[in-house]
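Student: The following block contains the structure, expressed as structure tokens.
The values are calculated or read from the model by the stated rules, or taken from the named source; none is laboratory data. Worth saying up front: this structure is predicted, and the values here are computed from it rather than measured. Here the Cβ positions follow ideal geometry from the backbone for every residue, glycine too, while neighbour counts run over all protein chains shown.
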Amino acid sequence: MPFTNQMKLEFLSIPANISFARATVAAFASQLEFTLSDLEEVKVAVSEAVSNSIIHGYRNAQDRFIKVYAKLTENTLELSIEDDGRGIENIDKALQPAFTTDPERLGLGFVFMQSFMENLQVDSLPGRGTLVRMSRRVGARAVHNSQEH
Amino acid sequence: MLLDIEFKQDTLLVRPGGELDLSVADFFRNNLEESLDREPATNIVFNLAQVSFVDSSVLGVLLGRYKRVSKKGGKVIIVSPQPQVRKILELSGLFRIMGESDSEAEALLKLG
């Protein structure tokens with residue numbers, strides 16, 4: 001029978017939980033043969049998604065919940081990050097590089113998720129919440145690597 | 001977060017440590033703003049040797065301080081980022097506006 005494993009994590013929308021979420025996902029994902037560099041990239045993607053839920057979904061309210069689901073198959077990590085916050089009015093606009101609603105931020109959250117993960121999918125209903133799904137295959141070379149060399 | 005800030009040769013030498021994300025962004029930003037209010041610093045050197053993680057929350061803090069000093073002709077130099085941190089800085093495009101050095105001494109020499 002092929003290898004599969006799953007975990008669910010639910011925690012308050014407190015910034016201190018961002019490192020908890022990314023470290024937990026990375027520890028779980030390390031059951032597959034990811035390199036340390038792969039896991040660092042997964043951590044950035046988780047950090048961006050959870051930060052978005054806190055800042056945009058919940059407007060920094062600290063009494064709401066964020067859910068992270070992770071699934072491992074033989075060679076793939078599948079991730080979902082879900083909140084039931086404000087939602088995103090215009091997903092296409094939110095996905096554009098450098099689009100930001102805050103001058104102190106860079107608008108790079110989704111760019112990092114797209115660069116470090118595959119199959120990024122964002123589903124959102126204004127007033128209902130946002131679900132971000134993304135995956136990463138073992139041995140997949142992230143898009144940005146080809147530009148570095 | 002760990003944070004050491006020193007003022008030397010018109011330059012703020014900033015040495016953060018640990019994992020830098022949204023949970024420390026306000027603390028980091030406020031400390032930098034207070035130091036820039038207090039010291040007549042023209043330039044900033046961020047020594048990232050002890051930083052093991054950054055995401056876009058913290059890049060915003062770096063960019064904000066770049067905007068502040070560059071308005072008056074100042075420069076920002078990044079020193080010794082770890083490989084995973086360097087990758088994020090590179091992807092963000094911050095290296096197009098900030099310099100990079102291998103040591104604080106080299107950075108101060110560049111800033112002259």
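Student: For residue B:13, only one of the following conditions fails: (1) away from chain A (no Cβ under 14 Å); (2) at pLDDT below 95; (3) surrounded by 19 or more Cβ atoms within 10 Å (Cβ to Cβ). What is its number?
Tutor: Going through (1) away from chain A (no Cβ under 14 Å); (2) at pLDDT below 95; (3) surrounded by 19 or more Cβ atoms within 10 Å (Cβ to Cβ) one by one, residue B:13 breaks only (2).
Student: Looking at (1) modelled with pLDDT of 95 or more; (2) more than 14 Å from every other protein chain (Cβ to nearest Cβ), can you tell me which one residue A:89 breaks?
Tutor: With respect to (1) modelled with pLDDT of 95 or more; (2) more than 14 Å from every other protein chain (Cβ to nearest Cβ), residue A:89 is out only on (1).
Student: Which ones in the range B:1-29 are of a type in the set (Asp, Glu) and outside any helix (DSSP H, G or I)?
Tutor: B:4, B:6, B:10, B:19, B:21, listed by residue number.
Student: So, in the range B:81-103, how many residues would count as being out of contact with any strand residue (DSSP E or B) (no Cβ under 6 Å at 6 or more places or on another chain) and closer than 20 Å to residue A:44 by Cβ? Talk me through it step by step, then tell me what you get.
Tutor: Taking the range B:81-103 first, the residues out of contact with any strand residue (DSSP E or B) (no Cβ under 6 Å at 6 or more places or on another chain) are B:81-84, B:86-87, B:89-97, B:102-103.
Remaining after also requiring closer than 20 Å to residue A:44 by Cβ: B:81-84, B:86-87, B:89-96.
Of the residues in the range B:81-103, 14 are out of contact with any strand residue (DSSP E or B) (no Cβ under 6 Å at 6 or more places or on another chain) and closer than 20 Å to residue A:44 by Cβ.
Student: Here's a check for you: in the range B:50-64, which residue that is in contact with a strand residue (DSSP E or B) (Cβ under 7 Å, 6 or more places away or on another chain) and surrounded by fewer than 22 Cβ atoms within 10 Å (Cβ to Cβ) is nearest to the other protein chains (Cβ to nearest Cβ)?
Tutor: This residue is B:53.
Student: Can I ask one more? Name the residue, out of B:24, B:51, B:85, B:69, that is among the β-branched types (Val, Ile, Thr) and touching a helix residue (DSSP H, G or I) at 6+ places or on another chain (Cβ under 7 Å).
Tutor: B:51
Student: Are any residues in the range A:18-44 buried (at least 19 other Cβ atoms within 10 Å of the Cβ), facing another protein chain (nearest Cβ under 9 Å) and of a type outside the set (Val, Ile, Thr), and if so, which ones?
Tutor: Matches in the range A:18-44: A:19, A:22, A:40, A:41, A:43.
Student: Is it the case that residue A:11 is surrounded by fewer than 19 Cβ atoms within 10 Å (Cβ to Cβ) and not in a loop (DSSP other than H, G, I, E, B)? Walk me through it before giving the result.
Tutor: Values: surrounded by fewer than 19 Cβ atoms within 10 Å (Cβ to Cβ): yes; not in a loop (DSSP other than H, G, I, E, B): yes.
It is true that residue A:11 is surrounded by fewer than 19 Cβ atoms within 10 Å (Cβ to Cβ) and not in a loop (DSSP other than H, G, I, E, B).
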